[in-house]
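We did not get these values from a lab; they are worked out from the coordinates using the rules stated. Source: prediction; values computed, not measured. Please note: Cβ atoms are built from the backbone with ideal geometry, for glycine as well, and neighbour counts cover all protein chains shown.
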Amino acid sequence: FNKLTIFFFLSICLISYSLAYKSTHDDFVECLSHKIMNSALISQVIHTPKNSSYSTIYNSFSENQRITSDYKPSIIFTPNDESQIQAAIHCSKLLSVDIEKKTAWIQAGATLGEVYYRIAERSKKLAVVAGVCPTVGVGGHFSGGGYGMMSRKFGTAADNIIDAKLIDANGRIHDRESMGEDHFWAIRGGGGTSFGLIISWKVKLLDIPEKVTVFNVTRTLEQNATQLVYKWQHIADKVDDNLLLRLFLRS
């Protein structure tokens with residue numbers, strides 16, 4: 001095996017899903033098939049427990065037999081070149097948008113920029129509450145609360161999560177119903193990694209106008225900038241919640 005193979009085998013072992021979650025397994029394989037577009041090559045780089053090559057590859061890299069006896073990846077991916085690594089990374093960040101139900105399943109590896117772009121591709125009148133930095137990962141952002149430009153009107157990202165899938169310490173996959181409401185509450189703001197390995201989030205998509213108004217007002221200390229901030233604190237709770245004000249301090 002070359003270095004690419006070793007690296008990605010270890011990575012897929014860490015993030016792969018149980019065979020119990022069949023739909024995710026199938027979606028991942030289907031996505032890779034579309035990206036690589038070579039059926040003969042697919043069979044050489046994707047290995048599942050049904051393949052004769054699976055056990056050989058798996059045992060070659062298994063260092064801790066106490067772990068490998070109970071937990072095994074549903075897929076071992078052994079890329080041969082950089083383009084195949086790109087395909088695997090892309091497929092691990094899938095985003096499924098349901099316009100009619102106004103929901104989206106977002107895998108934890110996606111970034112905010114990717115989420116915004118994919119939703120906008122499907123609808124210009126729906127959006128998800130999240131932050132403004134496009135390179136921030138969804139997994140940590142959502143599990144930490146997730147404050148964004150629409151939070152004054154719709155709350156944080158965590159307030160708009162309606163389901164999630166995670167793997168617990170015993171390798172079992174849970175959704176909101178099976179993990180329980182206390183557990184579901186904890187992963188939305190308490191740090192998801194403290195309570196399991198988050199696979200994906202289901203979020204509400206919110207109605208937004210196709211056009212918004214943005215304006216900037218600049219004031220210096222000599223122009224009573226501090227007085228403006230002081231006054232805002234006293235009227236913020238009374239102003240229409242369609243208005244968001246952000247304050248930047250610059251020297």
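By how many nm would the segment from TYR116 to LEU249 grow when fully extended, if each residue of separation counts as 0.36 nm and the alpha-carbon distance is taken off?
Gain in length upon complete extension: 45.2 nm.
Just order 223-233, 240-250 by mean Cβ neighbour count inside 10 Å, highest at the front, would you?
Ranked from most to least packed, the peptides come out as 223-233, 240-250.
For an R0 of 45 angstrom, estimate the FRET efficiency from the Cβ-Cβ distance between ILE42 and VAL212 and round to the nearest 0.05.
With R0 = 45 Å, the Cβ-Cβ based efficiency is 0.55.
What distance in nm separates the simple spin-label points at ILE235 and GLU100, each placed 7 Å from Cα in the Cβ direction?
4.6
Quote the charge dipole size of the range 95-207 about the Cα centre in Debye, to the nearest 20; the model charges only the Cβ of Lys and Arg (+1) and of Asp and Glu (-1).
Roughly 380 debye for the range 95-207.
Can you list the lysines whose alpha carbon sits under 30 Å from that of LYS72, skipping same-chain ones fewer than 8 residues off?
By straight Cα distance, LYS72 reaches LYS3, LYS22, LYS35, LYS50, LYS93, LYS165, LYS202.
Cα convex hull of the range 95-207: mean projected area in nm², to one decimal?
6.5
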